[in-house]
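Novice: Take a look at this one; I'll ask things after.
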Amino acid sequence: MHVVIMGCGRLGSTLAHNLEERGHSVAVIDQNPDAFRRLGSHFGGATVTGVGFDRDVLRAAGVERADAFAAVSSGDNSNIISARLARETFGVSRVVARIYDQKRAQVYERLGIPTVATIRWAADRMVRHLVPEGMVEVFRDPTSVVSIVEAPLHRDWVGRTLKSLEELSGARVAYLMRFGMGTLGTPSTVLQDGDQVFMLVTDETVGAVLDVASGATREGL
């Protein structure tokens, strides 16, 4: 994958190294050329000096062939403008933006642009938004028996209830993320497009639960 990152602060540089270590092509944009020193001499990606919402700058970073775009500068307005440009003008399918204002973040989540905050947590979550792979575990109990994992849903679950998901998977739904907000569902809660579902599992059951959620096991759907 080719990923364009707008902003080379602590988060942008951490994200760039994280993605490069996973074997992806990375280009970093920042209007301050001194910021690229955070990347170090071993960084093998591209660096482009300029503002991230300038179309020529985005093109120079390879946005036209990009698979993903992350806007992680220090300005909310710059981040959301560049994120929308990447998605709406250049057709980048995976776009994520760092937003400091929580109320703004909720609005942009409703526009379909994932938003994140804080350095360490954001770097991990952004990688998962940009390059989904493996299991996303968000909690494990002190005895290491029970964990909460994100269960990506097959589109055929949209319109069905949490009860049907729990019955077929044999696991409980811990909570949902809907429009960027956590919510505790009930058995009658109907799943909507864009819902993120987090389920309680054990190491022995997690594989089967994720298979059911993703549609690999389709009985009853």
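The values are calculated or read from the model by the stated rules, or taken from the named source; none is laboratory data. Values in this document were obtained by computation on a predicted structure and should not be read as measured data. When we count neighbours, we look across all protein chains shown, and the Cβ atoms used for this are built from the backbone with ideal geometry, even at glycine. The protein model used for the area step is the full one, side chains on, heavy atoms only, and it has no ligands, DNA or RNA in it. Shrake-Rupley method; radii C 1.70, N 1.55, O 1.52, S 1.80 Å.
Novice: Between the stretch 16-52 and the stretch 187-202, what is the separation of their alpha carbon centroids in Å?
Specialist: Spelled out, the Cα-based centre of one part sits 36 Å from the other.
Novice: With every protein chain kept in place and ligands, DNA and RNA left out, what is the accessible area per residue of the chain? Probe 1.4 Å, answer in Å². Write down the numbers at each step before the final one.
Specialist: On the way: 11440 Å² over 221 residues.
The answer is 52 Å² per residue.
Novice: While we're looking at this one, here's another question. Please give the contour-minus-distance gain from residue 111 to residue 203: 0.36 nm per residue of separation, less the Cα-Cα distance, rounded to one decimal in nm.
Specialist: Working: separation 92, 0.36 × 92 = 33.12 nm, distance 3.52 nm.
Taking 0.36 nm per residue and subtracting the Cα distance, the gain is 29.6 nm.
Novice: Turning to a different aspect of this structure: Relative to the compact-globule scaling 2.2 N^0.38 Å, provide the ratio for the alpha-carbon radius of gyration of the chain.
Specialist: Rg over 2.2 N^0.38 Å, computed on Cα atoms: 1.10.
Novice: A further question follows. So how far apart, in nm, are the two label points at residue 59 and residue 34 if each is 7 Å from Cα heading toward Cβ?
Specialist: Placing both labels 7 Å along Cα→Cβ, they lie 3.1 nm apart.
Novice: Treating the Cα atoms of the stretch 167-217 as identical point scatterers in vacuum, please give the log10 of the normalised Debye intensity I(q)/I(0) at q = 0.30 Å⁻¹, two decimals.
Specialist: One equal scatterer on each Cα of the stretch 167-217 leads to -1.27.
Novice: Taking GluC sites (Glu not before Pro) as exposed when DSSP calls them loop (any state but H, G, I, E, B) and at most 12 other Cβ atoms lie within 10 Å, what is the longest stretch of the chain free of them, the sites themselves excluded? Present the calculation step by step, with values, prior to reporting the outcome.
Specialist: Numbers: sites that count: 133, 204, 219.
Longest site-free region, per DSSP loop and neighbour criteria: 1-132.
Novice: By how many nm would the segment from residue 192 to residue 22 grow when fully extended, if each residue of separation counts as 0.36 nm and the alpha-carbon distance is taken off? Let's see the in-between values first.
Specialist: Details: separation 170, 0.36 × 170 = 61.20 nm, distance 3.20 nm.
So the extension gain works out to 58.0 nm.
Novice: If you don't mind, another one. Heavy atoms only, probe 1.4 Å: what % of the accessible area of the chain goes to carbon and sulfur, would you let me know?
Specialist: Working: 5580 of 11440 Å².
Roughly 49 percent of what the probe reaches on the chain is carbon or sulfur.
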